[in-house]
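Engineer: Structure provided below as structure tokens; questions to follow.
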Amino acid sequence: MSKTIIIALFNQSGGVAKTTLTQNLGYHLASNQNRVLVVDMDPQASLTNFMGVDPESLKKTLYNAIIDEEPLFIYPETIHEMNLVPTNITLSAAELLLPTADAREYRLKEALAPIKDEYDFILIDCPPSLGILSILSLTAATHLVVPIQCQFKSFLGTDLLLDTVGRVRKKLN
């Protein structure tokens, strides 16, 4: 059994610091001699940008693993002692293509399987939605972090988020 911890950083709201937390948590884990892979599961590609990689210049991204079932593309350079699975806007097409795909919920988990033992931690920066890309992330994860702003309005969507997590846990993971 793998000892790799796969953490999905998930909230259906935008602007709650999922990407910032993913990058900073990854950096601190890597600084403590852990092998860290960060996965940009958001078609907005903020994590890819924050890591200093131009998303539009990429010929291969997470899309190729999720849709074409190719081996997972890991950016060839280590960035801040971490490895990166980058993405770009093409991942948004996955939302349209995945509903008819076989075993769609397991596509990320299957893509990570061959390489996961090479890492101590895999951090998945989820998109700000309850869509299929988030479901793939939750299915692949062993752990979950839900960043929430400390304001009343921020707590209002938490029930829906927890319902989604509960359904994924019951049926997929």
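The values are calculated or read from the model by the stated rules, or taken from the named source; none is laboratory data. Just so you know, these numbers come straight off a predicted model, no measurement behind them. Every residue, glycine as well, gets a Cβ built from its backbone with ideal geometry; the counts of neighbours run over all protein chains shown. The area values use the complete protein model at the heavy-atom level, side chains included, leaving out ligands, DNA and RNA. Shrake-Rupley method; radii C 1.70, N 1.55, O 1.52, S 1.80 Å.
Engineer: Pairs to check: LYS18/LYS116; LYS59/LYS170; LYS109/LYS170; LYS3/LYS59. Give those whose C-alpha atoms are more than 25 Å from each other in this structure.
Structural biologist: Numbers: LYS18/LYS116 22 Å; LYS59/LYS170 37 Å; LYS109/LYS170 16 Å; LYS3/LYS59 32 Å.
The answer is LYS59/LYS170; LYS3/LYS59.
Engineer: Rg/Rh for segment 75-142 to two decimals, with Rh computed the Kirkwood way over all alpha-carbon pairs.
Structural biologist: 0.97
Engineer: Something else: Give me D for segment 28-124 in µm² s⁻¹, whole number, from Stokes-Einstein with Rh from the Kirkwood sum over alpha-carbon pairs, 10 °C and 1.306 mPa s.
Structural biologist: Working: Rh = 13.7 Å.
Once the numbers are plugged in, D ends up at 116 µm²/s.
Engineer: If you don't mind, there's one more thing I want to ask. Average the reciprocal distances over every distinct pair of alpha-carbons in segment 40-89, invert the result, and give the Kirkwood radius in Å.
Structural biologist: 10.8
Engineer: Quick one: net charge of LEU130's neighbours, Cβ under 11 Å, K/R +1, D/E -1? Before the final figure, lay out the partial values.
Structural biologist: On the way: positive: ARG167; negative: ASP163.
Surrounding charge for LEU130 is 0.
Engineer: Note down the nm distance, to one decimal, between modelled labels 7 Å out along Cα→Cβ at LEU96 and at ASP117.
Structural biologist: Spacing of the two 7 Å Cα→Cβ label points: 4.0 nm.
Engineer: So which trypsin sites (Lys or Arg not before Pro) in segment 1-92 are both in a DSSP loop and have at most 10 other Cβ atoms within 10 Å of their Cβ?
Structural biologist: Numbers: sites: LYS3, LYS18, ARG35, LYS59, LYS60; in loops: LYS3, ARG35, LYS59, LYS60.
Loop-located and lightly packed - LYS3, LYS59.
Engineer: At a 1.4 Å probe radius, carbon and sulfur cover how many percent of the accessible area of the chain? Don't skip to the end; give the middle numbers.
Structural biologist: Numbers: 4760 of 8840 Å².
Carbon and sulfur atoms account for 54 percent of the accessible area of the chain.
Engineer: Same structure again: Roughly speaking, what is the stretch gain from THR164 to ASN49, that is 0.36 nm per residue apart minus the C-alpha to C-alpha distance, in nm to one decimal? The partial results should precede the final answer.
Structural biologist: Numbers: separation 115, 0.36 × 115 = 41.40 nm, distance 2.83 nm.
So the chain would gain 38.6 nm between THR164 and ASN49.
Engineer: Could I ask something else about it? Hey, what D do you get for the chain in µm²/s if you plug the Kirkwood alpha-carbon radius into Stokes-Einstein at 10 °C and 1.306 mPa s? All intermediate terms of the calculation are to be shown ahead of the outcome.
Structural biologist: On the way: Rh = 16.0 Å.
The diffusion coefficient I find is 99 µm²/s.
Engineer: Something else about it: Can you give the longest run of the chain that contains no GluC sites (Glu not before Pro) sitting in a DSSP loop with at most 13 other Cβ atoms inside 10 Å?
Structural biologist: Values: sites that count: GLU69, GLU77.
Answer from the scan: 78-173.
Engineer: Distance in nm between label sites at THR20 and ASP68, each 7 Å beyond Cα in the beta-carbon direction?
Structural biologist: 3.5
Engineer: Then there's this: Accessible area per residue, 1.4 Å probe, Å², for segment 1-147: what's the number? Please list the in-between numbers first.
Structural biologist: Values: 6640 Å² over 147 residues.
The answer is 45 Å² per residue.
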